[in-house]
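Report on the structure given below.
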């Protein structure tokens, strides 16, 4: 179980506190994560994507992740692991 | 205040360990006709004195079904010493985390709780009272269907009344821990669970969610916020103000949360509350101060004895870094404007340049080094009253005069320097804050200059013919016609011939030259903090008394 700290919301609570979007990288570098959300044949799509990206850039390291189901949001642990290991991600979403 | 349940209520159930680390339940099943709970701690004289009486009850009435549980707030070793000193042979249970004591809610030990066979309370009392004890005894023998014969001798050696000792639940840090466990009703704010894998995560979390001013903030845990709330007697649910630009209500609790984030100590929170009240007035016009492209922010000036109570800097390095009260009070206000009011750069905050004072700007007046009435006295308060004055100000700028020996010369110097506030040709301005250093103030004291004399001299020195102040081909900036007296203007919105030769001072009203004395005792400089738009269209300084 993830350790957690409880803090009190310092805002007026009119809106949920959301993360700000990270800046989109201008080029591929570092570690790129490919997340398969477990839709049918999503794994095949991600495999093809990985091959294409590897050809396009030999300096980028690719890491593969797979959510257990597409029907639920990613668990905290999963998100934290991806965020720790990757500089950017591609998430395969649609059918 | 004691929350010990009265007779007729059900006693809270619990599970505690005894000295042999065997678990003992109370309140799940009842196999005795009556129970006596005796709460104690070591180093409580009264507990030690009355323990033999409790022992006697145990010896006499256990055979009739009374179960005596001595519940100690001390650790195992101290409890064992207490047992040795008092000779108690009852069941001894350890309430080291004080949850059971907190559930029973008493303020003092010893505390006695007598219950019947279903856990319903028959009698309670705290400390020692002969009468209360007699009553407890009476109820015990009644419920046990027996008679008393052997007690009188030992009871007679005890006074009619003895005070208890404070229950350990009131130890400061313990009280807050227990309040968090109880879900202290003072804390109504939404809880946010921050996943923490490394020690930096909670700081990054707060950064990533736009809740900081760019510097790390102290994570506002429940315990820290409860501690902050101890700094004021105002209820946590009090709505202090509605904060622009969103006009969101800010409670004392929300102020405390942001004050924790800023790094305030609890004794600073009354100052922060007063500052929030002051900036949220129509007179101060925080919305305008925030939304303008000009670069002003609230400058907080504190007067009164509180300056010393909270070690607020009034002297050397006045506007600079290093003093916690100065740094964090101003910062708390800015975080409230951001997090509650929604005033963020790039959104409603349209300031072209901003300025460092928008991180924090809080100073104290050096009243003890001034020959004049302090700022708050001029503004209608008594010298011993604690106040904040908020002023919409630029960053401070230096006025260097290390040569003037006479008050008249120094006043001339300050006036000439003040003409450059905002723009030399911009006259008829609104408020300005002049911070006179102690050395400069001494020069005025020697020359018998009052604040009003200084103001008059500033206006005199800055007065120029209107013809020099209007836009011209060389410099299209000038004093706007809107600030000129009506009689100087023509019907077609120009100026009359006669007006051109009239002298017009820098400030529309000399009373708008706010003067305070502060800064280090060495240095023949003063500081000017320029203001924003005048009066009804802009912002005017507001002074509020600090309430505790």
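The values are calculated or read from the model by the stated rules, or taken from the named source; none is laboratory data. If you're wondering where the values come from, they're calculated on a predicted model, not measured in any experiment. Note that we place each Cβ from the backbone using ideal geometry, even for glycine, and neighbour counts take in every protein chain shown.
When the residues of region B:509-541 are filtered to those that are on the phi > 0 side of the Ramachandran plot and part of a loop (DSSP other than H, G, I, E, B), which remaining residue is surrounded by the fewest Cβ atoms within 10 Å (Cβ to Cβ)?
In the first step, residues of region B:509-541 are kept if they are on the phi > 0 side of the Ramachandran plot; the result is B:519, B:523, B:535.
Those still in the list that are part of a loop (DSSP other than H, G, I, E, B) too: B:519, B:523.
Values: B:519: 28, B:523: 15.
Of everything passing the filter in region B:509-541, B:523 is surrounded by the fewest Cβ atoms within 10 Å (Cβ to Cβ).
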Note to self: Being over 11 Å from residue B:366 (Cα atoms) and in contact with a helix residue (DSSP H, G or I) (Cβ under 6 Å, 6 or more places away or on another chain) is the filter here; which residues of region B:297-310 pass it?
What the structure shows: B:297, B:298, B:300, B:310
Next item on the list: Working only within region A:38-78, note down all residues that are at pLDDT below 90, closer than 26 Å to residue B:201 by Cα and surrounded by 13 or more Cβ atoms within 10 Å (Cβ to Cβ).
Entry: A:67, A:74, A:76, A:78
Note to self: Of the conditions (1) part of a loop (DSSP other than H, G, I, E, B); (2) touching a strand residue (DSSP E or B) at 6+ places or on another chain (Cβ under 6 Å); (3) facing another protein chain (nearest Cβ under 9 Å), residue A:17 satisfies every one except a single condition; which number is it?
What the structure shows: (2)
Notebook entry, point to check: Residues in region B:233-254 that are closer than 13 Å to residue B:332 by Cβ and more than 10 Å from every other protein chain (Cβ to nearest Cβ): how many?
Noted result: 2
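Would you point out which residue out of B:7, B:63 is in contact with a strand residue (DSSP E or B) (Cβ under 7 Å, 6 or more places away or on another chain) and either within 26 Å of residue B:162 (Cα to Cα) or not assigned by TED's automatic domain parsing to the domain that holds residue B:180 (or both)? Even if it seems obvious, please write down each step before you answer.
Numbers: B:63 fails: in contact with a strand residue (DSSP E or B) (Cβ under 7 Å, 6 or more places away or on another chain).
The match here is B:7.
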Checklist line | Subset tally (residues that are within 17 Å of residue B:187 (Cβ to Cβ) and surrounded by fewer than 24 Cβ atoms within 10 Å (Cβ to Cβ)) for region B:258-279 | finding: 1
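Please work out which residue is surrounded by the fewest Cβ atoms within 10 Å (Cβ to Cβ), limiting yourself to region B:428-472 and to residues that are in a loop (DSSP other than H, G, I, E, B) and in contact with a helix residue (DSSP H, G or I) (Cβ under 6 Å, 6 or more places away or on another chain). Quick ask: steps written out before the conclusion?
The first filter runs over region B:428-472 and keeps only residues in a loop (DSSP other than H, G, I, E, B), leaving B:428, B:430-431, B:437, B:447-450, B:463, B:469-472.
Adding the requirement that they be in contact with a helix residue (DSSP H, G or I) (Cβ under 6 Å, 6 or more places away or on another chain) leaves B:428, B:430-431, B:447, B:449.
Numbers: B:428: 20, B:430: 22, B:431: 25, B:447: 17, B:449: 22.
For region B:428-472, the residue satisfying everything is B:447.
From B:114, B:122, B:61, grab the single residue that is in contact (Cβ under 8 Å) with a residue 40 or more places away in the chain and assigned to a helix (DSSP H, G or I). Walk me through how you get there before you give the answer.
Numbers: B:114 fails: assigned to a helix (DSSP H, G or I); B:122 fails: assigned to a helix (DSSP H, G or I).
The match here is B:61.
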Margin query: Between B:459, B:547, which is outside the structural domain of residue B:292 (by TED's automatic domain parsing) and within 30 Å of residue B:229 (Cα to Cα)?
Written below: B:547
Next item on the list: Inspect all residues belonging to region B:267-277 and state whether any of them is in a loop (DSSP other than H, G, I, E, B), in contact (Cβ under 8 Å) with a residue 24 or more places away in the chain and assigned by TED's automatic domain parsing to the domain that holds residue B:358.
Entry: no
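In the list A:43, A:9, which residue meets the criterion of being within 14 Å of another protein chain (Cβ to nearest Cβ) and touching a strand residue (DSSP E or B) at 6+ places or on another chain (Cβ under 6 Å)? Steps first, please.
Working: A:43 fails: within 14 Å of another protein chain (Cβ to nearest Cβ).
Just one listed residue meets the conditions, A:9.
Take residue B:220 and decide whether it is within 12 Å of chain A (Cβ to nearest Cβ), in contact with a strand residue (DSSP E or B) (Cβ under 9 Å, 6 or more places away or on another chain) and modelled with pLDDT of 95 or more. Don't jump to the end; show me each part of the working.
Details: within 12 Å of chain A (Cβ to nearest Cβ): yes; in contact with a strand residue (DSSP E or B) (Cβ under 9 Å, 6 or more places away or on another chain): yes; modelled with pLDDT of 95 or more: yes.
Yes, satisfied.
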Note to self: I'm checking my understanding of the structure. Among residues of region B:167-213 that are away from every other protein chain (no Cβ under 13 Å) and assigned to a loop (DSSP other than H, G, I, E, B), which one is farthest from the chain's Cα centre (by Cα)?
What the structure shows: B:167
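Out of B:160, B:171, report the one residue that is exposed (fewer than 15 other Cβ atoms within 10 Å of the Cβ), free of Cβ contacts under 8 Å to residues at least 24 places away in the same chain and over 17 Å from residue B:4 (Cα atoms).
On the way: B:160 fails: free of Cβ contacts under 8 Å to residues at least 24 places away in the same chain.
Matching residue, one of B:160, B:171: B:171.
In this structure, is residue B:407 more than 30 Å from residue B:257 (Cβ to Cβ), surrounded by fewer than 23 Cβ atoms within 10 Å (Cβ to Cβ) and touching a residue at least 12 places away in the same chain (Cβ under 8 Å)?
Values: more than 30 Å from residue B:257 (Cβ to Cβ): yes; surrounded by fewer than 23 Cβ atoms within 10 Å (Cβ to Cβ): yes; touching a residue at least 12 places away in the same chain (Cβ under 8 Å): yes.
Yes; evaluated as a whole, the condition is true for this residue.
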